[in-house]
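Here is the structure we will look at.
Every read-out reported here was derived from the displayed coordinates using simple, explicitly stated rules and does not represent laboratory data. Values in this document were obtained by computation on a predicted structure and should not be read as measured data. No Cβ is skipped: glycine too gets one built from the backbone with ideal geometry, and neighbour counts run over all protein chains shown.
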Amino acid sequence: MSFFIKDTEIKIGFLFAASVAALLCFDVGPQVQLSVLSGILHEGGHVFSLLLLGERPQKICFGLFGLTVLRRNDIKLNYKNEIITAFCGPFVNIAICVCALLFYLNYRDNQALFSAVAINAALALLTFCLCRGLMA
């Protein structure tokens, strides 16, 4: 399924929808929903930074292996803006992680808050490990 928001195509792959549906059938906690939401917000950070820099993504794909933002061929960001765009996704996850951790410290019996902390921390750390190539 695909649709457009302005001139950006949003594509939701069948395998993404099928895998999320299968995981939701067997999940007894909020982890699947939080993981999908965290991934969407993470990619939203990248898209938001592109929009702030005056660029528009060509396509946002929801696939079996995650979410992907495809940029137009004519987008040419300088090195500083490339780093800003790369790190905006993890920074969104860090912000969510810190907020959820602060709430979790007040409401320790809420397992969903702990899951939000763990999922967003893991996603941010994984992305920082993958972004290490930008530093070289």
Q: Scan the stretch 92-108 residue by residue and report those that are farther than 18 Å from GLY45 by Cβ and either in contact (Cβ under 8 Å) with a residue 24 or more places away in the chain or outside any helix (DSSP H, G or I) (or both).
A: TYR107, ARG108
Q. On the given criteria, is LYS80 outside any loop (DSSP other than H, G, I, E, B) and either β-branched (Val, Ile, Thr) or over 12 Å from the mean Cα position of the chain (by Cα) (or both)?
A. yes
Q: Test PRO30 against the stated conditions and say whether it is in contact (Cβ under 8 Å) with a residue 40 or more places away in the chain and either among the polar types (S, T, N, Q) or farther than 28 Å from PHE4 by Cα (or both).
A: yes
Q. Is it true that SER19 is surrounded by fewer than 17 Cβ atoms within 10 Å (Cβ to Cβ), of a type in the set (S, T, N, Q) and touching a residue at least 24 places away in the same chain (Cβ under 8 Å)?
A. yes
Q: Determine if the stretch 57-74 includes at least one residue that is surrounded by fewer than 17 Cβ atoms within 10 Å (Cβ to Cβ), in a helix (DSSP H, G or I) and either out of contact with any Cys (no Cβ under 8 Å at 6 or more places or on another chain) or touching a residue at least 12 places away in the same chain (Cβ under 8 Å) (or both).
A: no
